[in-house]
Amino acid sequence: MDPHAALMWHGGQTAAAARLYPAAPRPWLDLSTGISPWAWPLPAVEPQAWQALPSRAALEQLEFAAARVFGMNDTEQIAAVPGSDIAIRLLARLLPADRVAILGQSYAGYRAAWPEARVLPFDKAGNADLMICANPNNPDGAVIEARKLQRLRNIRIVDEAFADAMPEVSMLPHRNGAIVLRSFGKFFGLAGVRLGFVVANKPVIRELRGLLGDWPISGPAIAIGTAAYCDRAWQGLQRHRLAQGSVRLAALLADHGLQDAGGTANFRLCHAPDAPGLFTHLCRAGILVRPFIDRPGQLRLGIPGTETDWTRLETALLSWSKRND
């Protein structure tokens, strides 16, 4: 078995990488996830949020704050979930379908939830009973125009995990019956909060809430999420620096002979003449990026968060490109 196989399922596995490369310098620089390197500054969380069961009123405040950011007014069409990944798996239980299509090569969690699904291009996926897509796509950042998704008549799950930094691509608020997923952690740089949202018609939201139970979100997550979604000024700053970081990363990769293969404001995907070799080289430098079983010639890199991180990545890429001249 390929010792790197565990690192190809999802990002963030620095502990596994450290076991494979015990001589790599510490701390590891984790560029494997696409999570923003700049986190929203955490406020002091009131002791009550830790000590008491979360109230329905507080959860509704969170959903209202998120809905306003998404351009919505009806909080009966939005449900907070403990991360969008669990929402995908719950929706697979709520929406049984004979013909399920996953649009293109995308997030591995869709296949885990719908193992019988077929991977299809857009022009054929519309014929399926249920279509799942990421928009923008992970890992290549491909975007489908919202109006094309709106026109489809089948059940559609549109995962907008990376749309917070690119709101112009979102279907919200005009989703025309589609089920839209949003992620908190990637944009706000707080993946450990485990928070996401499902936007859907009221019957789906009611069924989903029935599966989630009375306390789906922790008190601290509710407090943090509500305050973060109310901080519009910080969100504007975050979009600006993510966009700048993505452009800078694409330029750095090109400077070292790596062809840009797409991406989002949160990450870049690149072609490498020897992607497995480059992956190993970066691991030996204590830098974890994201390889793919189904894209063996490509690597995905998140954005470095500090000048020290940028220098570390540039130094590793420079030694790689010199070695291959």
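The values are calculated or read from the model by the stated rules, or taken from the named source; none is laboratory data. If you're wondering where the values come from, they're calculated on a predicted model, not measured in any experiment. Neighbour counts are summed over all protein chains in view; Cβ atoms, including those assigned to glycine, are modelled from backbone coordinates with ideal geometry. Ligands, DNA and RNA are excluded from the accessible area calculation, which covers all protein heavy atoms including side chains. Shrake-Rupley method; radii C 1.70, N 1.55, O 1.52, S 1.80 Å.
List the trypsin sites (Lys or Arg not before Pro) in the stretch 70-131 that DSSP assigns to loop (not H, G, I, E or B) and whose Cβ has at most 16 other Cβ atoms within 10 Å. Which are they?
Arg99
Could you give each residue of the stretch 194-208 its phi-based ³J(HN,Hα) in whole Hz, using Karplus coefficients 6.51, -1.76, 1.60 with θ = phi - 60°, and x for Gly or Pro?
Once rounded to whole Hz, the list reads 6, 9, x, 9, 10, 10, 7, 5, 4, x, 5, 4, 4, 5, 5.
Would you grab the residues whose amide H sits under 5 Å from the one on Val119? Only those 5+ places off in sequence or on another chain, please, with H modelled 1.01 Å from N.
Those lying under 5 Å, H to H, from Val119 are Ile102.
Using the Karplus equation 6.51 cos²θ - 1.76 cosθ + 1.60 (θ = phi - 60°), what ³J(HN,Hα) coupling, rounded to whole Hz, does each residue of the stretch 107-115 give in order, writing x for Gly and Pro?
Per residue, the Karplus-derived 3J(HN,Hα) values read 4, 5, x, 5, 5, 5, 7, 10, x Hz.
Using only helices, what value at 222 nm comes out for the chain when you add -39,500 (n - 2.57) per DSSP H run of length 4 or more and divide by the total residues, to the nearest 500 deg cm²/dmol?
Values: 13 runs with 131 residues, N = 325.
Helix-only estimate at 222 nm: -12000 deg cm²/dmol.
Provide Val143, Val69 ordered by accessible surface of protein heavy atoms (probe 1.4 Å), highest first.
Val143, Val69
So what are the three principal axis dimensions of the chain from its Cα atoms, in whole Å, longest to shortest?
59, 51, 36
Rg over Rh of the stretch 221-296, using C-alpha atoms and the Kirkwood radius, what does it come to?
Reported Rg/Rh, Kirkwood definition of Rh: 1.12.
When the accessible area of the chain is split by element with a 1.4 Å probe, what percent falls to carbon and sulfur? Walk me through the numbers on the way to the answer.
Working: 8040 of 14870 Å².
The value for the chain is 54 percent carbon and sulfur by accessible area.
Run the numbers on the chain and let me know its relative contact order in percent, using alpha-carbon pairs under 8 Å that are six or more apart.
25 percent
Report the net charge of residues surrounding Glu168, where surrounding means a beta-carbon distance below 12 angstrom and charges are Lys +1, Arg +1, Asp -1, Glu -1.
Residues close to Glu168 contribute a combined charge of -2.
Less than 15 Å Cβ to Cβ from Phe188, Lys/Arg counted +1 and Asp/Glu -1: what total charge do the surrounding residues give?
Result for the local shell: +3.
I need the phi-derived Karplus couplings for the stretch 272-280: 6.51 cos²θ - 1.76 cosθ + 1.60, θ = phi - 60°, integer Hz, Gly and Pro marked x.
Per residue, the Karplus-derived 3J(HN,Hα) values read 10, x, 9, 4, x, x, 5, 4, 5 Hz.
Could you work out the percent of alpha carbon pairs in the stretch 136-271 separated by over 21 Å, rounded to a whole number?
Within the stretch 136-271, distances greater than 21 Å cover 51 percent of Cα pairs.
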